[in-house]
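The values are calculated or read from the model by the stated rules, or taken from the named source; none is laboratory data. Computed from a predicted model, the values in this text were never measured in an experiment. Every residue, glycine among them, receives a Cβ derived from its backbone with ideal geometry; neighbour counts consider all protein chains shown. For accessibility, only protein heavy atoms count, side chains too; no ligands or nucleic acids. Shrake-Rupley method; radii C 1.70, N 1.55, O 1.52, S 1.80 Å.
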Amino acid sequence: FVNKLHKATTIHWHGIRIDIKMDGVPFLSQAPIQPGESFLYDFVCPDAGTFWYHPHMHSVEQLGKGLVGALIVEENDPPSFDEDIIIGLKDWRLDRQGQFLPLSLPRHAARAGTMGTVETVNGKIKPVINAPAGGLLRLRFLNLDNSRVYHLSLKDFESYIIAIDGSPVKTPRVMGTHDIGAGMRLDIVLRMPEQSGQDVLIYDKKGRGHFELCRLQSTAPLRALKKATVKALPANPLATLNLEQAETRHFAFEWAGALSPVDSAGKVKDVFWTINRRAWEGMNAASVPAPLATLALGKTYIFELHNATPHGHPIHMHGLIFTVLSSDKREIEPFESDTILLERNERAKIAFVADNPGRWMFHCHVIEHMKTGLMGYITIA
């Protein structure tokens, strides 16, 4: 990786269970890559799935201005689809002249995040994506946005979820409306209409309204797999949970309020969020904060998560894939993930085997929330 920017940066490989030295968190796992410098990222992807990459420095600006991308890891024995389509969802904060507006406003950082003004799919507004008539499609949705939650819906069109955040579900699930917060992904399968010229609309459902994100348009088939059926993807090689002997840890994500504290010099410090009453302190080469928790290598842990705030938070864990076990807000059929979207006041349980040694970030993926307190790390040793 060669840094041709005017600021230091890194790359984090979101969702990939990676060696800690390649995780791309400045000071915690590597030194920042300064302007003009380079760094060799060298790692093995143990899991197939839909992942992505982004910087972990100056994140509001660097993600907000587009330094993001999909990273697809194919299965050893890839399933057959007529098309495999990436749908990258991202807003941009632009004025009417197409110039960037301020990417973060404190009054929004203290709430749901500063939203974009222009919604795009793969960088285009409401694009039309051609797909073979009668073809079996795999759609890979990626929320590459700094803040927004998308409420994905194909309305009344039949489709099936086959993977959540890169991890296969055991049995394909009927797709209704599915929410994906910042950093989250969703793989679905659908069959296109048989006749050319027919459209399948993909929506962001807001309240009772359906707002078009993009549409798939039937074209003459090249090789429609008309007899193919929707099948589960092969499972990724995750360690087996030992829930009976698991140790439980508790994490409360709390709101510190919308008023910015002032330091002893009179400078405003935008700190709005805490984890277990601690706001992220920042770090540098000389100072790394204490971990939120220290875990024993190879042991199973249950994390009880409580979103004690009035806003939703996509909580992401680096270096590991966890199982979502339960929630007090919705029925959960357990599934694997690297990010859980916690509703306001929700309590949920996740579990994982602490089998990847290192210091792993644990944070909200609304970038402004992360930058204003809702971040920490866990140590596995």
Exercise. Considering only segment 14-33, state which residues are over 21 Å from LYS371 (Cα atoms) and open to solvent by 30 Å² or more (accessible area, probe 1.4 Å).
Key: ARG17, ASP19, ILE20, LYS21
Quiz prompt | Single residue of segment 147-206 satisfying the filter (touching a Ser or Thr at 6+ places or on another chain (Cβ under 9 Å), open to solvent by 40 Å² or more (accessible area, probe 1.4 Å) and of a type in the set (S, T, N, Q)) that is nearest to GLY312 (Cα to Cα) | solution = THR177
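Table: residues versus (1) among the aliphatic types (A, V, I, L, M); (2) in contact with a His (Cβ under 6 Å, 6 or more places away or on another chain); (3) open to solvent by 50 Å² or more (accessible area, probe 1.4 Å); (4) farther than 30 Å from ALA220 by Cβ.
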{"site": "PRO35", "(1), (2), (3), (4)": "no, yes, yes, yes"}
{"site": "PHE43", "(1), (2), (3), (4)": "no, no, yes, yes"}
{"site": "GLY66", "(1), (2), (3), (4)": "no, no, no, yes"}
{"site": "ASN76", "(1), (2), (3), (4)": "no, no, yes, yes"}
{"site": "ILE85", "(1), (2), (3), (4)": "yes, no, no, no"}
Practice problem: Tell me, please, whether a residue that is touching a Cys at 6+ places or on another chain (Cβ under 8 Å) and modelled with pLDDT of 95 or more can be found in segment 34-46. | Solution: no
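One line per residue, one yes/no per condition, for (1) part of a strand (DSSP E or B); (2) more than 25 Å from HIS365 (Cβ to Cβ); (3) at pLDDT 95 or above; (4) of a type outside the set (Asp, Glu):
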| site | (1), (2), (3), (4) |
| --- | --- |
| ARG107 | no, no, no, yes |
| GLY116 | no, no, yes, yes |
| GLY134 | no, yes, no, yes |
| ARG140 | yes, no, yes, yes |
| SER147 | no, no, yes, yes |
| LEU152 | yes, no, yes, yes |
Quiz item: How about segment 118-131: which of its residues are assigned to a strand (DSSP E or B) and polar (S, T, N, Q)?
Solution: THR120, ASN130
Quiz item: So SER260 clears everything in (1) more than 30 Å from ARG277 (Cβ to Cβ); (2) in contact with a strand residue (DSSP E or B) (Cβ under 8 Å, 6 or more places away or on another chain); (3) modelled with pLDDT under 90 except one condition, right? Which one?
Solution: (1)
Quiz item: Here are some conditions: (1) part of a loop (DSSP other than H, G, I, E, B); (2) within 14 Å of the chain's Cα centre (by Cα). ARG344 meets all but one. Which one does it not meet?
Solution: (2)
Exercise. Have a look at LEU186, LEU139, LEU152, LEU190 and point out the one that is touching a strand residue (DSSP E or B) at 6+ places or on another chain (Cβ under 6 Å) and closer than 16 Å to GLU119 by Cβ.
Key: LEU152
Exercise. Consider only pairs whose beta carbons are under 7 Å apart and that are at least six residues apart or on different chains; among these, list those whose first residue lies in segment 238-259 and is outside any strand (DSSP E or B) and whose second residue is among the charged types (D, E, K, R).
Key: LEU238/GLU336; ALA239/ASP355; ALA258/ARG107
Quiz item: Here is a list of conditions, (1) open to solvent by 30 Å² or more (accessible area, probe 1.4 Å); (2) more than 16 Å from VAL366 (Cα to Cα); (3) at pLDDT 95 or above, and ALA246 meets all of them except one; can you say which number that is?
Solution: (1)
Exercise. State which residue pairs qualify: first residue over 29 Å from THR50 (Cα atoms) and inside segment 85-112, second residue open to solvent by 30 Å² or more (accessible area, probe 1.4 Å) and among the hydrophobic types (A, V, I, L, M, F, W, C) in any location, beta carbons under 6 Å apart, and separation of 6 or more residues or different chains.
Key: ASP95/LEU101; ALA110/ALA258
Practice problem: Please indicate, with yes or no, whether at least one residue in segment 168-182 is under 19 Å from GLY69 (Cβ atoms) and assigned to a strand (DSSP E or B). | Solution: yes
Exercise. Name every residue in segment 127-143 that is of a type in the set (A, V, I, L, M, F, W, C) and either free of Cβ contacts under 8 Å to residues at least 60 places away in the same chain or open to solvent by less than 20 Å² (accessible area, probe 1.4 Å) (or both), in order of residue number.
Key: ALA131, ALA133, LEU136, LEU137, LEU139, PHE141, LEU142
Quiz item: Is it true that ILE18 is part of a loop (DSSP other than H, G, I, E, B), within 20 Å of ASP165 (Cα to Cα) and β-branched (Val, Ile, Thr)?
Solution: yes
Quiz item: Is at least one residue of segment 5-13 basic (Lys, Arg), in contact (Cβ under 8 Å) with a residue 12 or more places away in the chain and open to solvent by 60 Å² or more (accessible area, probe 1.4 Å)?
Solution: yes
Quiz item: Restricting the search to segment 85-120, which residues are among the polar types (S, T, N, Q) and under 22 Å from GLU254 (Cβ atoms)?
Solution: SER104, THR114
Practice problem: Have a look at LEU295, LEU342 and point out the one that is closer than 30 Å to THR171 by Cα and open to solvent by less than 30 Å² (accessible area, probe 1.4 Å). | Solution: LEU342
